[in-house]
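J.: What follows is a single structure, and I will ask about it in a moment.
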Amino acid sequence: MVIYAIDDEKNALEYIIRKIKSAEPDAEVYGFNNASSAIESAKELKFDVAFMDIQMPEIDGITLAKKFKKINPKSNMIFVTGYSEYTMDAFSVDASGYILKPATKEQIRHALDNLRYPLAVPGGPLVCAQCFGDFELFVDQKPVHFKYMKSKEVIAYLIDRKGALCSNSEVIINLWEDDDDHSAYYRSLMKDIQDTFKELGVEEIFNRERAGASILKDKIRCDYFDYLDGTPEGINAYKGEYMLQYSWAESTGAQLYDEYDEF
């Protein structure tokens with residue numbers, strides 16, 4: 001994990017670096033005492049998380065966060081500041097956290113455990129599924145493109161089933177909702193999925209058996225799974241919409257909406 005620490009005050013910078021290393025000993029931590037240096041470094045060395053002060057000369061923390069997002073829209077930014085009145089400004093740039101000085105090891109650990117954007121698993125591509133709103137599948141932050149559009153819908157259905165093995169007939173009935181024979185086309189979709197995932201180096205997320213198929217949920221990051229697990233990022237991601245492009249997803253969407261409305 002690569003972590004940036006940015007603070008124009010020398011003592012404050014050294015302090016936050018010590019606390020970060022204490023909370024995450026294996027991280028590569030880079031300290032910057034001005035925003036310009038951090039911006040130039042980010043163009044060459046992608047960071048996973050940035051801890052930054054808000055009130056800094058030349059470029060303030062909110063402006064710096066916006067510049068980071070232009071370099072990498074999925075930047076995890078955590079503000080460490082002595083001023084609580086900037087909380088709403090932090091939310092406006094999709095900050096992952098907000099810590100009042102002096103930061104503690106426990107606060108930093110909590111922030112790292114609840115990042116807005118998940119980190120790539122060491123040694124392999126990061127697979128993310130977006131279920132809230134329209135469904136989309138990403139590998140290393142890039143949308144996955146299948147040969148057949150229906151292949152993506154198959155993956156969406158398997159994710160909706162939360163890792164359960166789904167029989168071939170179950171998937172076909174729910175995705176087509178008619179009496180036609182779609183078995184040959186379905187086999188083509190299975191091959192398309194396997195070929196696409198193999199090309200992307202993520203074939204381990206997909207389980208294909210003679211009787212059916214499933215997604216291995218522990219191999220991907222998914223807003224729906226995060227929501228079911230009750231994580232802050234999952235709860236915050238849900239805005240009342242679920243896989244809007246698929247009619248079969250309406251039942252899950254209605255259940256989520258009812259639970260959310262009660263909450």
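J.: Relative contact order for the range 123-263: what percent, with Cα pairs under 8 Å and sequence separation of 6 or more?
T.: Details: 183 pairs, mean separation 45.1, N = 141.
In percent, rounded to a whole number, it is 32.
J.: As a check on your grasp of the helix formula, calculate [θ] at 222 nm for the chain: sum -39500 (n - 2.57) over DSSP H runs of n ≥ 4, divide by the residue count, round to the nearest 500.
T.: Working: 11 runs with 114 residues, N = 263.
Taken over the chain, the calculation gives -13000 deg cm²/dmol.
J.: Once each part is reduced to its C-alpha centroid, what is the distance from the range 131-169 to the range 179-216 in angstrom?
T.: If you average the Cα positions of each part, the centres end up 10 Å apart.
J.: Sticking with this structure for a sec: What accessible area per residue, rounded to a whole number of Å², is obtained for the chain using a probe radius of 1.4 Å?
T.: Numbers: 14040 Å² over 263 residues.
In whole numbers, the chain has 53 Å² accessible per residue.
J.: Just for the Cα atoms in the range 156-263, what are the lengths along the principal axes, largest first, rounded to whole Å?
T.: Principal-axis extents of the range 156-263 (Cα, largest first): 44, 35, 20 Å.
J.: Could you tell me how many degrees, from 0 to 90 and to the nearest 10, lie between the Cα long axis of helix 250-262 and the main elongation axis, the longest principal axis, of the Cα atoms of the chain?
T.: Helix 250-262 sits at roughly 40 degrees to that axis.
J.: Here is a further query. At 0.36 nm per residue, and after removing the present C-alpha to C-alpha distance, how many nm does the segment from residue 245 to residue 203 gain when stretched out fully?
T.: Details: separation 42, 0.36 × 42 = 15.12 nm, distance 2.52 nm.
This chain segment gains 12.6 nm when fully extended.
J.: Same structure again: Need the list of lysines near residue 43 for cross-linking: C-alpha distance under 17 angstrom, and skip anything on the same chain fewer than eight residues off.
T.: 66, 67, 69, 70, 74
J.: Mind ranking 146-157, 64-75 by how tightly packed they are, going by the mean number of other C-beta atoms within 10 angstrom, highest first? Write down the numbers at each step before the final one.
T.: Values: 146-157: 18.8, 64-75: 16.8.
Descending mean neighbour count gives 146-157, 64-75.
J.: Which one of 202, 227, 240 has its Cα pushed farthest toward the positive end of the charge dipole of the range 121-254, where Lys and Arg give +1 and Asp and Glu give -1 at the Cβ?
T.: Final value for the positive-end residue is 202.
J.: Continuing with this model, one more query. If I compute solvent accessible area with a 1.4 Å probe over the protein chains, what percent of it on the chain is carbon and sulfur? Don't skip to the answer; put the middle values down first.
T.: Working: 6750 of 14040 Å².
Taking all protein chains in place, the chain shows 48 percent carbon and sulfur surface.
J.: Given an 8 Å cut-off on Cα distances and at least 6 residues of separation, report the relative contact order of the chain as a percent. Present the calculation step by step, with values, prior to reporting the outcome.
T.: Working: 389 pairs, mean separation 38.3, N = 263.
So the answer I get is 15 percent.
J.: Extension gain residue 22-residue 195, at 0.36 nm per residue separation less the Cα-Cα distance, in nm? Present the calculation step by step, with values, prior to reporting the outcome.
T.: Working: separation 173, 0.36 × 173 = 62.28 nm, distance 4.32 nm.
Contour length minus the Cα-Cα distance gives 58.0 nm.
J.: Still on this structure, I have one more. Sort 231, 81, 63 from largest to smallest accessible area, using a 1.4 Å probe on the heavy atoms of the protein chains. Mind dumping the intermediate values first?
T.: Values: 231 35, 81 0, 63 55 Å².
The ordering from most to least exposed comes out as 63, 231, 81.
J.: Could you check what % of the DSSP bridge pairs in the chain are antiparallel, to the nearest 5? Could you put the intermediate results ahead of the total?
T.: Numbers: 12 of 31 bridges.
Approximately 40 percent, going by the DSSP bridge assignments.
J.: So, with +1 on the Cβ of K and R and -1 on the Cβ of D and E, and no other charges, what is the size of the charge dipole of the chain about its Cα centre, to the nearest 20 debye?
T.: On the way: 30 positive and 46 negative charges, 191 e Å.
So the dipole magnitude of the chain works out to roughly 920 debye.
The values are calculated or read from the model by the stated rules, or taken from the named source; none is laboratory data. Predicted model only: the values in this text are computed from it and were never measured. Here the Cβ is made from the backbone with ideal geometry for all residues, glycine too, and neighbour counts use every protein chain on show. Heads up: the accessible areas ignore ligands, DNA and RNA and are worked out on the full protein's heavy atoms, side chains in. Shrake-Rupley method; radii C 1.70, N 1.55, O 1.52, S 1.80 Å.
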